[in-house]
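These notes concern the structure reproduced below.
The values are calculated or read from the model by the stated rules, or taken from the named source; none is laboratory data. From a predicted model like this one, the values you see are computed outputs, not experimental measurements. For neighbour counting, all protein chains shown are included, and Cβ atoms are generated from backbone atoms with ideal geometry for every residue, glycine included.
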C-alpha cells in the first residue's frame, strides 16, 4: 500500500511557551484549582477602564484643543480581591488594586505613583460586627465626597473632588497608607466608618 501525503494536511508543530505565558497559565490554573477545591473561598479580578476623546477651548481663545485622555470621569484601575470563610460568619479578606492610564498604558495616576495605589489591605469581616482592615485605604473625606456627589470620584468633572484635591485645599492623597479602617454593619440605616493612621 502506497501512502501519499496531502498538501492540505497541517504539519504538526511544537509549541514552546514563553516564561511569561507559562507563569500566567500556572497562575490561572492555581486560581481555578483554589476555587474548585474550596467553595468557601473566592478570588475576583475586577477593574474599570475610563478613556475619553474631547475638545476644549479656553475662554477668549479662538482655537480648540482636542485630545485623548484617561481618567476624566473616573480613574482607570484593576485589581484582585478575595475572601476566605473562617466559619461563624467570619471571613479573612484582602484587596489589591492599582491605577493605570488607559491613554498611554502607563501604570499609576501619574509618574511615580505607588503600584498598589488604589487600595492594598488585608482584614477580617463579619455581617454582625463589621469589617476591620489594615493597609492602604480611602480617606473618610474622599469616601464621603463620593457618596454625596453626582459624578462620584471624578477628578475631571466633579466640582467637589476638583476643589478638594486639585486646588491645593487638601494636603495629601485620597487614600492613606498604614491605616486601620473599621466599617460597622448597617444599624437602622446608619453606618459608622472610622480610620486611624500612623502619624
**Asked** Taking into account only those residues within region 95-113 that are free of Cβ contacts under 8 Å to residues at least 24 places away in the same chain and in a loop (DSSP other than H, G, I, E, B), which is surrounded by the fewest Cβ atoms within 10 Å (Cβ to Cβ)?
**Response** 112
**Request:** Take region 36-56 and flag every residue that is touching a strand residue (DSSP E or B) at 6+ places or on another chain (Cβ under 9 Å) and either closer than 19 Å to residue 94 by Cα or at pLDDT below 85 (or both).
**Result:** 38, 39, 40, 41, 42, 43, 44, 45, 46, 47, 48, 56
**Prompt:** With 168, 156 as the choices, which residue is surrounded by fewer than 16 Cβ atoms within 10 Å (Cβ to Cβ) and farther than 30 Å from residue 85 by Cα?
**Reply:** 168
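Residue-wise test of (1) at pLDDT 90 or above; (2) closer than 16 Å to residue 174 by Cα; (3) touching a strand residue (DSSP E or B) at 6+ places or on another chain (Cβ under 8 Å).
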residue: 113; (1), (2), (3): no, yes, yes
residue: 125; (1), (2), (3): yes, no, yes
residue: 129; (1), (2), (3): yes, no, no
residue: 134; (1), (2), (3): yes, no, yes
residue: 139; (1), (2), (3): no, yes, yes
residue: 143; (1), (2), (3): no, yes, yes
residue: 148; (1), (2), (3): no, yes, no
residue: 155; (1), (2), (3): no, yes, no
residue: 159; (1), (2), (3): no, yes, no
**Request:** Among the numbered conditions (1) surrounded by 18 or more Cβ atoms within 10 Å (Cβ to Cβ); (2) part of a strand (DSSP E or B); (3) in contact (Cβ under 8 Å) with a residue 40 or more places away in the chain, tell me where residue 120 comes up short.
**Result:** (3)
